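None of the figures in this text is laboratory data; all of them are computed from the coordinates on show. The model shown is predicted, which means the values in this text are computed figures rather than measured ones. Counting neighbours? That spans all protein chains shown, and the Cβs are built from the backbone with ideal geometry, glycine included.
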Amino acid sequence: MLIRKMAVSGLLMFVYTSCGAQDLSLLAGGMRASGIHDTSYAWELDYRQGLNENLAFTLSWLNEGHVLHHHRDGQSAQIWARTNLLDRRLSLAAGVGPYFYYDTTGAGAGYMDKHGWGTISSLAATYYTKSGWIYEARANRVIASTSINTTSLLFGIGYQLEPPLGTEPSASTPPQTEKPTSNQLTFFLGQTIVNSFASQHDTARAIEFRHGVSPHFEWSASWLNEGDARLIRRDGVIAQAWLVHGFFDNHLTLGAGLGPYFSIDRYRAPKPGEASNITVSAIVTASAAIRVSPHVYLRTSWNRIASTYNRDTDVILMGLGYSF
């Protein structure tokens, strides 16, 4: 099951990054859960790539807030049909695609980290300006057979990361021929947040070595210490494959990573028959790096660790890297 989740997520990342991201948007608003009739906030981080005049592709992270017995978020990939009006300044679109969710659910003092698949359908109106800034309104409907169904209404702002910067959505992007990264060593400091109803947290630390293989592919090896967040006291090694894209002459690099996390949790007792206390989790990461000099980078990474024993975490890191 873990390998299948990683393989499907990797396929979605490949489709997205091979096209090259064009728009980056952040949206926020409200959400209503059907059945339990509860409401909460919602927000979404969204990458959009034009495939042609009337088709686009997005990869998104949707956080659906906190409703009764459910704290849910997840990743989605959508294909959009769109029409462009007002001299192509206004784009109206409808999208649909798979949604992989992480749902902290349960009642009372207990909880579970449930993972599963649903579908997401969306309507969006996007307005493009001469400065490259874009404004968007979006409605999402999530259907999940083993979790709650939700409707969210979001408004946000974004920016065109690829030329042309203008009052229109791009239909394609220029090819990238140079590697954004050669070899890079980064030291991180940040915070671990346990995906429980109490959101226990502690300081996290990490060291990462990253190697660029091609203009869109990198690999990394890392050591991560998640600190002592009361429910976990976990550290281990990570291997990740990355799909990346550089912008603004590679001064900004965005990437998505996926791989296994081999860790030891001092608060987890080995199960009967286990040969060791090592657990294998999936880790999905969104990362951005800014080049401040020919060899010095600032990098931030948002890691989601999907465990097999109800100890999912978010690990948010910021670091200083040296490229050589």
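Some points to look at:
- Selection among 282, 96, 300 by position relative to the dipole of the chain gives 282 as farthest towards the positive end (Cβ unit charges, Cα centre).
- Each part gets one Cα centre, and for segment 175-246 versus segment 34-92 those centres are 26 Å apart.
- Karplus-derived HN-Hα couplings along segment 205-221 (A = 6.51, B = -1.76, C = 1.60, θ = phi - 60°), whole Hz, x at Gly and Pro: 9, 7, 10, 10, 10, 10, 10, x, 9, 8, x, 10, 9, 9, 10, 9, 10
- Per residue of the chain, the DSSP helices (runs of n ≥ 4 H) give a summed -39500 (n - 2.57) that works out to -2000 deg cm²/dmol at 222 nm.
- Rounded, prolate or oblate (a/c below 1.5 giving rounded, otherwise prolate when a/b exceeds b/c) for the chain by Cα gyration tensor: oblate
- Highest to lowest packing among 71-80, 97-106, 37-46, 130-139, scored as the average C-beta count within 10 Å: 71-80, 97-106, 37-46, 130-139
- For segment 38-51, 3J(HN,Hα) computed residue by residue from phi via the Karplus equation (6.51, -1.76, 1.60; θ = phi - 60°) reads 10, 10, 7, 7, 8, 8, 8, 9, 9, 10, 10, 10, x, 9 Hz, glycine and proline entered as x.
- Relative packing of peptides 246-254, 24-32 - highest average C-beta neighbours within 10 Å first: 24-32, 246-254
- In summary, segment 205-324 shows an alpha-carbon radius of gyration equal to 1.16 times the 2.2 N^0.38 Å reference for compact globular proteins.
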